[in-house]
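Visitor: Below you'll find the structure I mean.
The values are calculated or read from the model by the stated rules, or taken from the named source; none is laboratory data. Owing to the predicted nature of the structure, the values given are computational and were not obtained by experimental measurement. So basically every Cβ, Gly included, is an ideal-geometry build from the backbone, and we count neighbours across all protein chains shown. Accessible surface is based on the protein model in full, side chains and every heavy atom, while ligands, DNA and RNA are left aside. Shrake-Rupley method; radii C 1.70, N 1.55, O 1.52, S 1.80 Å.
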Amino acid sequence: MSAWSIGAIQMDVPVVLAPMAAVTNPPFRLLCREMGAGLVVTEMIHAAELVKGGVRSLEMLDIRPTEHPVAVQLFGGDPETMARAAAIVERAGADMVDINFGCPMKKVVRNGLGAALLRRPERIGEIVRAMAGAVSIPVMAKIRAGWQDSSAVEVGRAIEDAGGAAITIHGRTQKDGFEGHADLGSVAQLVQAVSLPVIGNGDVRDAASADRMMATGCAAVMVGRGCMGYPWVFRELRAHFAGNEVPGEPTVDERGEVIRRHVELYADTYGESRTALQIRKHLLWYFRQTPGEAVLKGRLARLSTLDDVFGAVDAAIDACQQPGSRFVRGLDKHPNRRQTCRERPAVTAARKAS
Ligand SMILES: Cc1cc2nc3c(=O)[nH]c(=O)nc-3n(C[C@H](O)[C@H](O)[C@H](O)COP(=O)(O)O)c2cc1C
């Protein structure tokens, strides 16, 4: 197995679950660790809200004993606030603290945060330096290839000089959003320019795309959309990096088992009624473009107990048992955009009904 490390923290496989807002909460992180991810990253947490003791931010800081190693991701632009938030993250038991310098969303960049900071490498340096001085756990940073054009080398050097311990690079600029293909050249250039471990991110969805990313010289790959509705990608990549035969895609029954496990983990964390509401989008991703999708959508608005949820999963799995049923592997778009337009009416209806 290709072990690697960030500071003193060892990972046994070079595969990282990407931070994803409203997706990488404790149940999903636990599921992905069980499926084989070597490191998991939380959703982004607003540093200023965390420092103020905001309930939602504190809830997002929930770290479970079996999910280590785990990095908690913060976003913000004020070095002192980021340092105070990093200290809270360390006290909460995180193995690492990650910084979001890559979010392209308008409401984030309009406030000069996320990817907007890529235009200010000196500010990035101040933030990393303040955080690294406030904690003893490694400070990582997640960047994009650049704002409009590539600036990853300049930004990466600023992070290294300021005491950062690792850099994740998503090979798209802010302007690219989630469109087109990730530019692996930007990953390779960063690898050449810094001596920190670089985690390569963008379009890794199977062993072949992981190999293409590793060919840049990066220390590990990060998987985002490829695991939404398809956490089995982690067992495939774990086997691949161990030099073992990559297991085939799961059978319909195996899918049912893992989806039920996801529901259980969700219920253990958030209880019955919240699970019945929030697990719906995951179920839609699991059954996207399968014969189970219509069955599931027909029941979605009536899910209020765990029995309802398990019943809907069983019915959707049954519908997929017909010969020739096909599944898709993960998402290929950002779910808030085109991909879920067709799903949104069902989710909205379900919300109204509950
Ligand atoms: C639903 C969703 C939420 C995301 N939220 C975050 C986030 O909170 N922090 C972050 O750094 N990146 C976030 N990202 C970006 C991913 O971490 C990743 O960089 C991007 O999806 C590219 O990787 P992929 O091609 O494997 O999906 C998000 C992406 C998606 C699809």
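Visitor: When segment 95-114 is examined, which residues are found to be farther than 23 Å from residue 26 by Cα, away from the ligand (no atom under 14 Å from the Cβ) and in contact (Cβ under 8 Å) with a residue 12 or more places away in the chain?
Guide: Selection gives 111, 112.
Visitor: While we're here: Does residue 246 satisfy the criteria of being among the hydrophobic types (A, V, I, L, M, F, W, C), over 19 Å from residue 322 (Cβ atoms), touching a residue at least 12 places away in the same chain (Cβ under 8 Å) and within 16 Å of the ligand (Cβ to nearest atom)?
Guide: no
Visitor: Still on this structure, please answer the following. For segment 147-184, what are the residues that are open to solvent by 10 Å² or more (accessible area, probe 1.4 Å), within 14 Å of the ligand (Cβ to nearest atom) and within 26 Å of residue 69 (Cα to Cα)?
Guide: Scanning segment 147-184 gives a single hit, 170.
Visitor: Restricting the search to segment 241-283, which residues are among the charged types (D, E, K, R), assigned to a helix (DSSP H, G or I) and either in contact with a Lys or Arg (Cβ under 7 Å, 6 or more places away or on another chain) or open to solvent by 30 Å² or more (accessible area, probe 1.4 Å) (or both)?
Guide: 253, 254, 257, 260, 261, 264, 268, 272, 274, 281
Visitor: Has segment 196-204 got any residue that is part of a loop (DSSP other than H, G, I, E, B), within 16 Å of the ligand (Cβ to nearest atom) and of a type in the set (Val, Ile, Thr)?
Guide: Within segment 196-204 (the criterion being part of a loop (DSSP other than H, G, I, E, B), within 16 Å of the ligand (Cβ to nearest atom) and of a type in the set (Val, Ile, Thr)), the answer is yes, since at least one residue qualifies.
Visitor: Taking residue 40 as the residue in question, decide whether it is in contact with a helix residue (DSSP H, G or I) (Cβ under 7 Å, 6 or more places away or on another chain) and either within 14 Å of the ligand (Cβ to nearest atom) or closer than 14 Å to residue 97 by Cα (or both).
Guide: yes
Conditions (1) under 25 Å from residue 26 (Cβ atoms); (2) assigned to a helix (DSSP H, G or I); (3) modelled with pLDDT of 95 or more; (4) open to solvent by 40 Å² or more (accessible area, probe 1.4 Å), marked per residue:
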| position | (1), (2), (3), (4) |
| --- | --- |
| 71 | yes, no, yes, no |
| 84 | yes, yes, yes, yes |
| 93 | yes, no, yes, no |
| 116 | no, yes, yes, no |
| 123 | no, yes, yes, yes |
| 126 | no, yes, yes, yes |
| 131 | yes, yes, yes, no |
| 137 | yes, no, yes, no |
| 145 | no, no, yes, no |
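Visitor: While we're on this one: Count, please, the residues in segment 149-195 that happen to be more than 15 Å from residue 128 (Cα to Cα) and in a loop (DSSP other than H, G, I, E, B).
Guide: Summing the residues that are more than 15 Å from residue 128 (Cα to Cα) and in a loop (DSSP other than H, G, I, E, B) in segment 149-195 gives 14.
Visitor: Yes or no: residue 215 more than 16 Å from the ligand (Cβ to nearest atom) and either free of Cβ contacts under 8 Å to residues at least 40 places away in the same chain or small (Gly, Ala, Ser) (or both)?
Guide: Yes, satisfied.
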